[in-house]
Amino acid sequence: MSRWKALPAELDPRVRQLVVRLRRAKDHAGLSMRQLAARTGYSEKSWERYLGGRTLPPREAVTELARACGEHPTRLLALHEVATEAWRTGGGSAPAPEPPEPAEPSGHRPLRIALVAGSVALVLAVCAAVLLAVRLTGTDPDEASPARASARPPVPASPSAPTYTCQLTRTDGHWYAGNSRTEDAVLVNGLAGPEVAEAQCLLRRAGFSPGVIDGIFGPRTEAAVRQLQARASLVVDGIVGPHTWKALRR
């Protein structure tokens with residue numbers, strides 16, 4: 001099993017949920033990054049970005065990972081849809097399909113090394129010339145151009161996870177918590193959003209603890225759904241559908 005680095009602390013919980021599930025699928029299949037790249041057509045560097053939480057993978061990459069790991073893509077794609085919305089809300093853009101990175105011809109490698117070495121030498125020469133000019137004039141380059149600092153773009157704020165509250169009201173014999181008025185949205189483990197928060201609030205009102213009201217459908221929420229379904233004599237499958245919504249809102 002891979003030793004994964006910790007995901008960025010500012011990563012939206014909905015994106016984090018997707019990345020964690022993708023990591024688990026890869027580990028369960030026992031694939032290395034190189035094997036995953038070979039089976040999906042996406043490079044190792046791309047998967048390092050996707051599974052490191054630095055870039056949201058495109059939908060096609062999620063489908064290819066599910067195929068390579070022998071998993072059904074439906075649940076992963078549902079998580080990807082929620083994560084894409086969270087990524088857009090946080091100021092990012094939807095991921096575009098990424099073509100595989102072509103292998104570099106071996107004959108070009110010496111030329112590339114020579115070009116890199118030449119570029120490094122040129123940069124060092126320029127730096128030396130600048131330092132010499134500073135010493136001769138006694139002027140700090142940053143002080144000589146005060147507009148430089150002000151021209152730097154501001155660092156964008158990290159996207160924050162949405163917060164949900166339970167504002168319970170009863171209308172026409174039905175309970176509502178202020179997050180969603182849906183009566184037929186299908187919720188399964190791994191999804192996230194206001195509909196999940198609504199179900200969590202109503203589960204808590206009914207006496208079944210879903211854990212933190214965070215809008216993320218996790219194991220504790222699923223366990224609470226199963227308990228409610230058993231009490232209401234419904235099919236106990238841990239999935240919130242129209243019949244479970246009816247039981248929640250009564």
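Residues of the stretch 219-243 that are in contact (Cβ under 8 Å) with a residue 40 or more places away in the chain and either within 19 Å of G173 (Cα to Cα) or not aliphatic (A, V, I, L, M) (or both): G238, G241, P242. Does R181 satisfy being outside the structural domain of A78 (by TED's automatic domain parsing), outside any helix (DSSP H, G or I), farther than 30 Å from L22 by Cα and at pLDDT below 85? Here the answer is no, as R181 does not meet what is asked.
Elements of the type helices (runs of 4 or more DSSP H) sitting completely within the stretch 12-98 and holding at least 2 residues that are under 22 Å from F217 (Cα atoms), out of contact with any Lys or Arg (no Cβ under 7 Å at 6 or more places or on another chain) and not assigned by TED's automatic domain parsing to the domain that holds P219: these cover 13-29, 59-69, 73-89.
A residue that is outside any helix (DSSP H, G or I), under 23 Å from P162 (Cβ atoms) and in contact with a Cys (Cβ under 9 Å, 6 or more places away or on another chain) occurs somewhere in the stretch 209-225. Considered as a group, the residues in the stretch 23-56 that are closer than 19 Å to L79 by Cα and among the aliphatic types (A, V, I, L, M) include one that is farthest from the chain's Cα centre (by Cα), and that residue is A25. Within the stretch 169-187, residues that are of a type in the set (K, R) sit with their Cβ atoms under 9 Å from residues that are outside any loop (DSSP other than H, G, I, E, B) and crowded, with 16+ Cβ neighbours inside 10 Å, at 6+ positions apart or across chains, in these pairs: R170/Y176; R181/E198.
For the stretch 4-15, which positions are farther than 16 Å from E48 by Cβ, out of contact with any strand residue (DSSP E or B) (no Cβ under 6 Å at 6 or more places or on another chain) and surrounded by fewer than 20 Cβ atoms within 10 Å (Cβ to Cβ)? Of everything in the stretch 4-15, those that are farther than 16 Å from E48 by Cβ, out of contact with any strand residue (DSSP E or B) (no Cβ under 6 Å at 6 or more places or on another chain) and surrounded by fewer than 20 Cβ atoms within 10 Å (Cβ to Cβ) turn out to be A9, E10.
For every residue, the table says whether it meets (1) within 12 Å of the chain's Cα centre (by Cα); (2) modelled with pLDDT under 60.
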site	(1), (2)
P58	yes, no
P97	no, yes
A121	no, no
D140	no, yes
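For the stretch 29-44, the set of residues classified as within 19 Å of L18 (Cβ to Cβ), in contact (Cβ under 8 Å) with a residue 40 or more places away in the chain and surrounded by fewer than 20 Cβ atoms within 10 Å (Cβ to Cβ) consists of A29 only. Residues that are among the small types (G, A, S) and within 15 Å of the chain's Cα centre (by Cα) within the stretch 60-71 comprise just one, A61.
Yes/no per residue for (1) within 31 Å of the chain's Cα centre (by Cα); (2) in the same structural domain as W175 (by TED's automatic domain parsing); (3) surrounded by 17 or more Cβ atoms within 10 Å (Cβ to Cβ):
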| position | (1), (2), (3) |
| --- | --- |
| L203 | yes, yes, yes |
| S209 | yes, yes, no |
| I213 | yes, yes, yes |
| F217 | yes, yes, yes |
| E222 | yes, yes, yes |
| V225 | yes, yes, yes |
| A232 | no, yes, no |
| D237 | yes, yes, no |
| P242 | yes, yes, no |
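The values are calculated or read from the model by the stated rules, or taken from the named source; none is laboratory data. Worth saying up front: this structure is predicted, and the values here are computed from it rather than measured. We place every Cβ from the backbone using ideal geometry, glycine too, and count neighbours over all the protein chains shown.
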